[in-house]
1. Using amide H atoms built in the peptide plane, which far-off residues or other-chain residues are under 5 Å from residue 34 H to H?
2. Between residue 202 and residue 33, how many nm apart are label points set 7 Å from Cα along the C-beta direction?
3. Taking a ≥ b ≥ c as the square roots of the eigenvalues of the Cα gyration tensor of the range 63-222, is the shape rounded (a/c under 1.5), prolate (a/b larger than b/c) or oblate?
4. If packing is taken as the average number of other Cβ atoms within 10 Å across a peptide's residues, how do 48-54, 175-181, 97-103 rank, most packed first?
5. Working only with C-alpha atoms, what are the Rg and Dmax values of the range 10-98, expressed in angstrom?
6. Report the full-extension gain for the segment residue 166 to residue 126: residue separation times 0.36 nm, less the Cα-Cα distance, to one decimal in nm.
7. Taking the chain, how many lysine pairs are there with alpha carbons less than 28 Å apart, if each pair must be eight or more places apart or span two chains?
8. In debye, nearest 20: dipole of the chain around its Cα centre with unit charges on the Cβ of K, R (+) and D, E (-)?
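Every number in this text was worked out from the coordinates using simple rules, so none of it is lab data. Note that the coordinates shown come from a computational prediction; the quantities given were computed from them, not determined experimentally. Backbone-built Cβ (ideal geometry, glycine too); neighbour counts: all protein chains shown.
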Amino acid sequence: MSKKLRIGALASGGGTNLQAIIDRCADGSLDAEIAIVISNNPDAGALKRAEKAGIAVRCIDHRGYNSRESFDQAVVDVLREAGVELVALAGFMRLITPVFLDAFEGRVINIHPALLPAFPGLHVQRKAIEYGAKFSGCTVHFVDNGVDTGPIIIQAVVPILDDDTEESLAARILEQEHRIYPRAIQLFAEGRLKVVDRRVIIDPPLEQPMAALANPPVEPAA
Ligand code: GAR
């Protein structure tokens, strides 16, 4: 049996993306194991989900550190101690510094609930609705020094409907997040992600056709 990729997951909130990764590791569709879950928030549901799955957890409260860098160093130390090979930010609501990125160069990925480069930052479901976009979605990307600017690994698209609220759109997007995040990690585990300039190329490529979408649909319903 090949050695499993050791993931360190960082989460601040409810942890449904973490749960999707836990579930895909458990059912064998993701050739990885979560070595540790770290949260900056003692009340994060993600910590409870990890504990329930028998995964090691650490709470590192950022309020106990006087700089972003010293907090990041503490997180890096724990990730290293756990033998982590890939860091997956899963609803981690802290900006990370070069201290972190230098320690795990090319090995930090994030999921964002919009189709980057549109709507980086926070409250992006609301911003997409207010803008009047007809599609939004989610993006898994490598993390670089910018805010939600790193090379894009995978995206999924969802329609924005006329009666959408921030909550209904967030739920539709979240469903897709749970599909694409484990997929991105599996491609990383297989060593198939090659970053060329800022494009992420799948090598060897996936031989699957892609369809175009329109919203509202161009062909009226029969
Ligand atoms: C997800 O929608 C994730 O994309 C977003 O937070 C949510 C976490 O949900 N992340 C960001 O906005 C990062 N800037 P979860 O805790 O249920 O996985």
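1. 7
2. According to this spin-label approximation, the distance is 2.8 nm.
3. Working: a/c = 2.57, a/b = 1.51, b/c = 1.70.
It is oblate, given that a/c is not under 1.5 and a/b is not larger than b/c.
4. On the way: 48-54: 14.7, 175-181: 18.7, 97-103: 16.4.
So the order, starting with the most tightly packed, is 175-181, 97-103, 48-54.
5. 12.7, 41
6. Values: separation 40, 0.36 × 40 = 14.40 nm, distance 0.51 nm.
Going from the current span to full extension adds 13.9 nm.
7. Numbers: 3/48; 3/52; 3/194; 4/48; 4/52; 4/194.
Value for the chain: 6.
8. Details: 23 positive and 29 negative charges, 73 e Å.
Charge dipole, the chain, about its Cα centre: 360 debye, nearest 20.
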